[in-house]
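Working notes for the structure below.
The values are calculated or read from the model by the stated rules, or taken from the named source; none is laboratory data. Everything numeric in this text was worked out from a predicted model, so none of it was measured. No Cβ is skipped: glycine too gets one built from the backbone with ideal geometry, and neighbour counts run over all protein chains shown.
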Amino acid sequence: MDRRDQMRAADSDRAAVADQLRQALNEGRLDLAEYDDRLQRAYAAKTYGDLDGLLTDLPGTVPVDQAQLVPTGDPKRPVLRPGPDGRYPGATRAWLADTWDGYFGLVGVVVAIWAVTSVLATDFLYFWPGWVAGPLGALLLVGTVTGLAKGEPQRWAAKQAAKQAAKERAKIEKQARVEERKRRRDEQAGQEEPA
């Protein structure tokens, strides 16, 4: 056993293995029971040695001892995972994007309405979108500064991570129910066949 096998694995390492196992399940490379077993072993792993072997027989995955593991996900919705210190890296950026996203969409719509009405009137009308963008932007700015001062991005990230985990659990439970129904149908079909 080499020294690396005895090193402690991080939460991000366990999460990355879990993501790759989920991908293998979605591709049909693992059945639900094997996925569940490997997922439990991945989250129970304390060292890199414990993680070894969970991915080696899956094509398209790199064994844990040969790669830097990086969680995959939708770039528009970053995967929020706590770092070794318990804090969520990138939480501030994601929180700011979430906080200000609706503002920019709303301002874009009202400016577009103003532009269309100006073109239809064949004259530049009074720029009334400033009355929407200005006060709302000021309120959001105060809320953003206050939230940053009080550590809101980390609390928001923890809530988002909990929601993502709940969605993932619900998806797995749904897949388990589908597999169980399929298994029962197959058993009933096998019992009804004449011998």
Would you be able to say whether some residue in the range 100-119 is under 23 Å from Arg38 (Cβ atoms), surrounded by 13 or more Cβ atoms within 10 Å (Cβ to Cβ) and among the β-branched types (Val, Ile, Thr)? no
Could you figure out which of (1) surrounded by 15 or more Cβ atoms within 10 Å (Cβ to Cβ); (2) modelled with pLDDT of 85 or more; (3) closer than 15 Å to Glu168 by Cβ isn't true of Leu32? (2)
So is Thr117 in contact (Cβ under 8 Å) with a residue 60 or more places away in the chain and assigned to a helix (DSSP H, G or I) or not? no
Looking only at the range 44-83, filter to residues that are in a helix (DSSP H, G or I) and exposed (fewer than 12 other Cβ atoms within 10 Å of the Cβ); which one of those is modelled with the lowest pLDDT? Gln66
Residue identified as closer than 22 Å to Gly83 by Cβ, out of contact with any strand residue (DSSP E or B) (no Cβ under 9 Å at 6 or more places or on another chain) and without any contact (Cβ under 8 Å) to a residue 60 or more places away in the chain among Ala24, Ala33, Ala9, Ala16: Ala16
Qualifying residue in the range 11-18 (condition: β-branched (Val, Ile, Thr), at pLDDT 80 or above and assigned by TED's automatic domain parsing to the domain that holds Val145): no
Consider Glu168 carefully, then state whether it is surrounded by fewer than 10 Cβ atoms within 10 Å (Cβ to Cβ) and modelled with pLDDT under 90. no
Among (1) under 22 Å from Leu39 (Cα atoms); (2) part of a helix (DSSP H, G or I), where does Gly86 come up short? (2)
